Amino acid sequence: MGDYCITSCPAKCCHVGKLFISEATVKKFNLNATKRPDGYYDLVIEGGCPLLKDNKCTVHKDPLRPSMCGQYPFFDRSAKVLLASSCKAVASGMFTQELKKLDDAGVKWDIQ
């Protein structure tokens, strides 16, 4: 994958949805998020993540970026790993090496 996510990704996943983020992330990036009963925060994204600039993530390499962003397009769902078909890198087959590692480890996966 290299720097695809930083240099070429069209950031379609960063334009709508909800992220579960920590208080440290809210404070560091001064985000307008709603506190949840479990102590985490919901950041609702409509029209673009506030951490995007010119359609690129400004915090991609920051250790406090939302963990969901770092995991995308992989989602661990206990019985199998799901990959987001909406991700251009997934759709174009850029994750072949990662999927082979999952196969070699006996991990079930699917693209949805």
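The values are calculated or read from the model by the stated rules, or taken from the named source; none is laboratory data. Just so it is clear, the model here is predicted, and its values are computed rather than measured. So basically every Cβ, Gly included, is an ideal-geometry build from the backbone, and we count neighbours across all protein chains shown.
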With the requirement that a residue be part of a loop (DSSP other than H, G, I, E, B) and either touching a Lys or Arg at 6+ places or on another chain (Cβ under 9 Å) or acidic (Asp, Glu) (or both), what does the range 78-94 give you? Ala79, Ser86, Cys87, Met94
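Return a yes/no flag: does the range 97-106 have any residue that is assigned to a loop (DSSP other than H, G, I, E, B) and modelled with pLDDT under 85.
If we filter the range 97-106 for residues that are assigned to a loop (DSSP other than H, G, I, E, B), which is where we start, we get 105-106.
In the following step, the residues that additionally are modelled with pLDDT under 85 were identified as none.
Looking for residues that are assigned to a loop (DSSP other than H, G, I, E, B) and modelled with pLDDT under 85, one finds none in the range 97-106, hence no.
Taking Arg36, is it modelled with pLDDT of 90 or more and outside the structural domain of Ala89 (by TED's automatic domain parsing)? If you could, list the steps in order and put the result at the bottom.
Working: modelled with pLDDT of 90 or more: yes; outside the structural domain of Ala89 (by TED's automatic domain parsing): yes.
In short, yes.
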Cβ pairs under 7 Å, 6+ apart, first in the range 84-112 and farther than 16 Å from Tyr4 by Cβ, second in a helix (DSSP H, G or I): Ser85/Ala91; Trp109/Leu99; Trp109/Leu102; Ile111/Val90
